[in-house]
Amino acid sequence: MHIPDGFLDLRTAATAAALAVAGLAYALRDVKRSLPPRRVPLIGLAAAFVFAAQMLNFPVAAGTSGHLIGAALASVLLGPGAAVVAMTAVLVLQALMFADGGITALGANVLNMAVVAPAVAFGVFAALRRLLGRSLRATLLAAGFAAWCSIVAAAVACAAQLAASGIVDWGTVLPAMAGVHMVIGLGEAVITMLILAVVLRARPELLDEVGRVPGTAGVTAAYGLMASVALVAFVAPLASSRPDGLEYVAERFGFAGFATVAAEPPLADYSVAALASQSPWLSTAVAGGIGTLIAFGVAWLVARALTTAGQSAAPHR
């Protein structure tokens with residue numbers, strides 16, 4: 001669902017960027033005020049895992065593919081503010097280093113996947129938990145439906161931006177984007193539920209609303225980071241090469257050719273140029289590993305700086 005350069009006009013891109021900045025500013029303030037310091041490594045882990053998971057495209061109907069966005073999973077485990085920070089770190093990294101999403105469309109991509117998707121996911125999840133109860137089954141069902149809703153909401157936002165830019169008619173792009181992402185969203189829901197089930201069986205305190213935080217968050221993050229790197233090293237090279245939902249819609253309705261690349265990044269298409277001709281598998285694995293580590297480091301540093309600033313600003317008693 002990453003919008004490339006060339007799909008959005010200047011007005012739409014600027015409006016989306018302004019909304020994204022507002023959403024990110026609110027999230028940063030929320031993290032600064034309320035994130036316990038022990039949870040800082042978990043924001044890094046969320047960014048690393050989301051980056052790794054987004055490399056794993058799975059095939060869906062009609063010759064398309066999808067991948068986990070991860071907004072719902074991050075929102076459920078860390079809260080919406082921390083999820084926005086982690087997702088934004090991933091999207092900025094993808095645009096600047098991997099040509100996954102355009103530089104000029106970065107604000108729109110952040111708005112859709114790092115602001116709208118986590119906000120919708122958390123709102124739906126919180127409402128359903130109040131309705132269904134807090135058992136493990138109810139929590140997983142709520143998270144799964146929230147994940148599906150987050151994908152559809154992000155797709156609708158993307159469709160609105162494409163239509164506002166005049167690249168495709170609203171009556172055409174809305175059903176196309178919503179329809180294909182309703183199917184992709186089923187995969188997001190299933191993967192979210194499976195991962196959450198494993199996490200909550202091992203660390204149920206992560207959903208403790210009282211504020212209790214795991215004393216071994218650093219150890220959890222270290223193991224999770226190693227698992228994320230292994231994921232991109234051994235599984236990402238096997239990802240489906242089918243077009244994703246947005247690419248499929250763009251090809252179907254004839255606006256794929258508008259895509260451009262504003263600047264050639266160092267690891268375009270998740271590939272290391274020096275290794276690509278010798279071993280495509282190794283090229284993808286190395287590029288993915290580098291991205292996973294950088295995503296962890298950037299999100300961790302931002303969260304650490306915010307929580308340190310928040311502690312310094314807190315009144316002493």
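The values are calculated or read from the model by the stated rules, or taken from the named source; none is laboratory data. Note that the coordinates shown come from a computational prediction; the quantities given were computed from them, not determined experimentally. Neighbour counts are summed over all protein chains in view; Cβ atoms, including those assigned to glycine, are modelled from backbone coordinates with ideal geometry.
Some observations on this one:
Listed here are the residues, each with its yes/no results for (1) within 23 Å of Pro59 (Cα to Cα); (2) buried (at least 20 other Cβ atoms within 10 Å of the Cβ); (3) not aliphatic (A, V, I, L, M).
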residue: Met226; (1), (2), (3): no, no, no
residue: Val235; (1), (2), (3): yes, no, no
residue: Ser240; (1), (2), (3): yes, no, yes
residue: Glu247; (1), (2), (3): yes, no, yes
residue: Ala250; (1), (2), (3): yes, yes, no
residue: Gly254; (1), (2), (3): yes, no, yes
residue: Phe258; (1), (2), (3): no, no, yes
residue: Asp269; (1), (2), (3): yes, no, yes
residue: Ala274; (1), (2), (3): no, no, no
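- Sole exception among (1) crowded, with 18+ Cβ neighbours inside 10 Å; (2) touching a residue at least 12 places away in the same chain (Cβ under 8 Å); (3) within 23 Å of Leu10 (Cβ to Cβ) for Ala164, by number: (1)
- Test for Ala72: is it among the small types (Gly, Ala, Ser), modelled with pLDDT of 90 or more and closer than 21 Å to Val183 by Cβ: yes
- Total residues in region 31-50, condition buried (at least 18 other Cβ atoms within 10 Å of the Cβ) and either in contact with a His (Cβ under 7 Å, 6 or more places away or on another chain) or not β-branched (Val, Ile, Thr) (or both): 11
- Residue count for region 167-190, restricted to those that are touching a helix residue (DSSP H, G or I) at 6+ places or on another chain (Cβ under 8 Å), in a helix (DSSP H, G or I) and either more than 20 Å from Asp9 (Cβ to Cβ) or touching a residue at least 12 places away in the same chain (Cβ under 8 Å) (or both): 15
- Listed by position, the helices (runs of 4 or more DSSP H) enclosed by region 14-129 that each have at least 2 residues that are in contact with a Phe, Trp or Tyr (Cβ under 9 Å, 6 or more places away or on another chain) and over 26 Å from Ala164 (Cα atoms) are 40-53, 71-78, 80-98.
- In region 232-239, the count of residues that are out of contact with any helix residue (DSSP H, G or I) (no Cβ under 8 Å at 6 or more places or on another chain), at pLDDT below 85 and either polar (S, T, N, Q) or in a loop (DSSP other than H, G, I, E, B) (or both) is one or more.
Condition check ((1) modelled with pLDDT of 95 or more; (2) among the aliphatic types (A, V, I, L, M)) across all residues:
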site: Phe125; (1), (2): yes, no
site: Arg129; (1), (2): no, no
site: Leu132; (1), (2): no, yes
site: Arg137; (1), (2): no, no
site: Ala143; (1), (2): yes, yes
site: Ile151; (1), (2): yes, yes
site: Ala155; (1), (2): yes, yes
site: Cys158; (1), (2): yes, no
site: Leu174; (1), (2): yes, yes
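- Residues that are over 22 Å from Cys158 (Cα atoms) and in a helix (DSSP H, G or I) within region 130-146 comprise Arg130, Leu131, Leu132, Leu136, Arg137, Ala138, Thr139, Leu140, Leu141, Ala142, Ala143, listed in sequence order.
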